[in-house]
Amino acid sequence: MSTVAEAAAARAAGTPAPEALTFAKALTTAMADAMRADENVVVFGEDVGTLGGVFRITDGLQKEFGEQRCFDTPLAESGIAGMSLGMAMNGLRPVIEMQFDAFAYPAFEQIASHIAKMHNRTRGAVRLPLVIRIPYAGGIGGVEHHCDSSEAYYAHTPGLKVFTPATVQDAYRMLREAIASDDPVVFMEPKKLYWSKDLVDLAALRAEFDAAGSPDGTPRGTPAGTHDGGRRLSVDGAAVVARPGTDATIITYGPSVPTALAAAEAAAAEGRSVEVVDVRTLVPFDDETVAASVRKTGRAVVVAEAPGFASVASEIVARVQERCFHSLAAPVRRVTGFDIPFPPPKLEHYYLPSVDRILDALDDLQWED
């Protein structure tokens with residue numbers, strides 16, 4: 001059914017019509033909804049107030065909520081992270097923005113040494129409900145320090161959750177859940193997807209989020225004996241099958257999901273049924289969904305933009321090999337960025353995983369013709 005037809009059907013049924021929403025607007029809406037629901041949620045960072053952020057993700061928040069709840073900071077990422085730590089320790093729920101992926105490196109000492117360790121350091125007495133939003137990865141014609149895929153640094157740091165949505169719906173859903181978490185979340189936003197658009201039923205997404213607030217049960221992916229404000233989170237530690245298939249599995253996340261789906265479509269034209277699994281949360285990692293898919297298909301390719309050496313892709317390959325060894329018909333392959341600094345804009349298309357590179361990896365999975 002077309003967008004127009006779906007909207008007309010919704011009006012006829014007396015229900016709110018789905019609306020075309022960009023990935024960026026979904027993030028803005030998630031923060032606004034969280035700020036309306038909880039006065040302890042505050043947003044701050046470089047140029048997030050009056051300007052609305054470099055990518056306009058915080059556009060309108062200062063106007064609606066005032067300068068006390070959405071405000072600009074000096075150009076000092078370490079100070080931004082350190083301030084969020086103190087605020088979270090004292091009852092607030094800060095959502096901070098790092099303008100670009102590599103701009104967050106000066107804050108890494110605060111993140112790795114204190115934000116990630118405070119809960120353990122205090123023997124569970126202190127929780128840190130804070131979100132670190134990081135626009136990351138390439139595909140926008142940017143230069144180095146603006147296009148890093150830095151997720152491995154955070155995924156390797158115990159005490160942090162790492163989320164990276166790939167769809168408009170998940171942009172809203174996952175940011176709401178990250179803000180609701182009582183643990184620190186590094187929220188990696190694929191910059192090149194900011195302008196992607198989809199038809200979204202916001203009323204349904206809001207109802208889904210509210211329904212997850214039941215006080216019984218422990219949120220999936222949360223260590224035993226802990227909880228996130230009594231919420232049962234639906235995305236935290238839950239991968240999703242983005243496209244079903246039977247012959248091979250592509251495991252991917254964030255900015256590489258659309259490319260993986262395009263490769264699966266191209267493979268279908270060649271007679272191969274390829275399943276695509278969107279990991280969604282790198283930490284906690286959903287071994288169950290990933291392993292079930294690979295056991296079913298017997299072949300796997302892991303796709304990610306980051307350099308391949310010592311990467312999240314490497315970890316996924318290891319976990320698949322450990323859990324699915326006897327189901328594999330071929331070694332697990334990787335399609336990643338190269339082990340070099342991010343290239344100049346005119347060369348980034350050689351660096352980024354492409355449909356052709358993914359199809360070549362699929363062809364290399366020891367098929368018997």
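General remarks:
- Other residues whose C-beta falls under 15 angstrom from the C-beta of residue 62 contribute a net charge of -3, scoring Lys and Arg +1 and Asp and Glu -1.
- Where only C-alpha atoms are counted, convex hull volume of region 18-212 per residue in Å³: 109 Å³
- Considering only 297, 267, 250, the residue lying farthest towards the positive end of the dipole of region 240-364 is 297, judged by Cα position with unit charges set on Cβ.
- Backbone geometry of region 93-102 corresponds, through the Karplus equation with coefficients 6.51, -1.76 and 1.60 at θ = phi - 60°, to 3J(HN,Hα) couplings of 10, x, 10, 10, 10, 9, 4, 9, 3, 6 Hz, x marking Gly and Pro.
- In nm, spacing of pseudo-spin labels at residue 368 and residue 338 (7 Å Cα→C-beta vector): 3.7 nm
- Amide H contacts for residue 43 (H built 1.01 Å from N in the peptide plane; partners 5 or more residues away or on another chain; cut-off under 5 Å): 70, 71, 95.
- Residue of 205, 92, 130 that the Gaussian network model of the chain assigns the largest fluctuation, springs spanning Cα pairs under 10 Å: 205
- A simple charge model with +1 on the Cβ of Lys and Arg, -1 on the Cβ of Asp and Glu and nothing else charged puts the dipole of the chain at about 640 debye relative to its Cα centre.
- The chain: radius of gyration over Cα atoms, expressed as a fraction of 2.2 N^0.38 Å: 0.98
- Cut-off under 5 Å, modelled amide H: who pairs with residue 243 long-range: 276
- Distance in nm between pseudo-label sites at residue 295 and residue 36 (7 Å out along the Cβ direction from Cα): 4.4 nm
- Extension gain, residue 199 back to residue 56 (0.36 nm per residue minus Cα-Cα distance, nm): 49.4 nm
- Cβ-Cβ FRET estimate between residue 273 and residue 318, R0 fixed at 25 Å, reported to 0.05: 0.45
- Remark on residue 306: its backbone amide H falls under 5 Å from those of 337, a criterion applied only to residues 5 or more positions apart or on other chains, H modelled at 1.01 Å from N.
- Here region 273-322 and region 120-192 have alpha carbon centers that stand 19 Å from each other.
- Between residue 122 and residue 287, residue separation times 0.36 nm minus the direct Cα-Cα distance comes to 56.5 nm.
- What the phi angles of region 341-350 give under the Karplus curve with 6.51, -1.76 and 1.60, with θ = phi - 60°, is a coupling list of x, 4, x, x, x, 6, 10, 5, 5, 6 Hz, glycine and proline written as x.
- Added length on full extension, which subtracts the Cα-Cα distance from 0.36 nm per residue, residue 354 to residue 64: 100.3 nm
- Peptide ranges 345-353, 80-88, 162-170 listed from the most packed, as the mean C-beta count within 10 angstrom indicates: 162-170, 80-88, 345-353
- Measuring between their Cα centroids, region 43-61 and region 63-83 lie 9 Å from each other.
- Residue-averaged [θ]222 nm for the chain, counting only DSSP H segments that reach four residues, each worth -39500 (n - 2.57): -10000 deg cm²/dmol
- The HN-Hα couplings worked out from phi for region 139-146 by the Karplus form 6.51 cos²θ - 1.76 cosθ + 1.60 (θ = phi - 60°) are x, 10, x, x, 10, 4, 6, 10 Hz, whole numbers, x standing for Gly and Pro.
- Comparing 52, 66, 245 in a Gaussian network model of the chain, where Cα atoms under 10 Å apart are tied by springs, the biggest mean-square fluctuation is seen for 66.
- Nonlocal Lys pairs with alpha-carbon distance under 24 Å, region 18-212 (8 or more apart, or different chains): 8
- Within-11-Å neighbourhood charge of residue 88 [Cβ basis; K, R +1; D, E -1]: 0
Quick note: the coordinates plus some simple rules give every number you see, no bench work behind them. Remember, it's a predicted structure, so these values are computed and weren't measured experimentally. Cβ: placed from backbone, ideal geometry, glycine included. Neighbour counts: every protein chain shown.
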